[in-house]
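What follows is a short report on a single structure.
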Amino acid sequence: MEDVREVALGTVNNWRKGVIVWNLMLDSERGPNREGGCRTCYGAVDIDSSDYKTMTYNSHYYIIGHLSAVVKPGAFRIGSEANAETPLMYSAFENPDGTVAFVVLNESDAVAQFSLTADGKEHLDCELPAKSVGSYLWKK
């Protein structure tokens, strides 16, 4: 939850053009790394150096999955508004093909119900379980 909030949505909601997850895969010793480099960083996927077969999928793996499933190369962030009382954190994007991507985080302990509306014409009613992330893609 924290990584989705801080690394993914927090980054693009603060007018950044992209999100970088630095290490795609590291071994169980957090390497390879350079002299003076990060000794506590983890990869999106960690591979166990005892057998080089066992993999652990970390939060950055799921961040990449949620964003890349709906936000395509060349997309740009678009404005979005919500009710002031919403417990949700989100970002909306328009992809080069005209589709709209929406990634939303529900950190609350309750199911969140919300509607997505594009250009005030079309809407999609959604329900997001407690403590979860949703990725949505639709044509305007």
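Below are the figures for this structure:
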{"read-out": "Nearest-ten-degree value, helix 59-70 long axis tilted from longest Cα axis of the chain", "value": "40"}
{"read-out": "Sequence-separation-based contact order of the chain, relative, with Cα cut under 8 Å and 6+ spacing, percent", "value": "18"}
{"read-out": "Cut-off 13 Å (backbone N to label point 7 Å along Cα→Cβ of GLU6), residues of region 23-49", "value": "41-42"}
{"read-out": "With eigenvalues of the C-alpha gyration tensor scaled by 5 and rooted, the chain, Å", "value": "32, 17, 13"}
{"read-out": "Added length on full extension, which subtracts the Cα-Cα distance from 0.36 nm per residue, VAL111 to LYS140", "value": "7.8 nm"}
{"read-out": "Extension reserve of the ARG34-ASN13 stretch, reckoned as 0.36 nm per residue once the Cα distance is removed", "value": "4.4 nm"}
{"read-out": "Estimated FRET transfer efficiency when R0 is 30 angstrom, pair CYS41-THR86 (beta carbons, to 0.05)", "value": "0.35"}
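Only the coordinates and a few stated rules stand behind these numbers; no lab work does. The structure displayed is predicted, hence computed values, not measured ones. In this analysis, Cβ positions are derived from the backbone assuming ideal geometry, glycine residues included, and neighbour counts consider all displayed protein chains.
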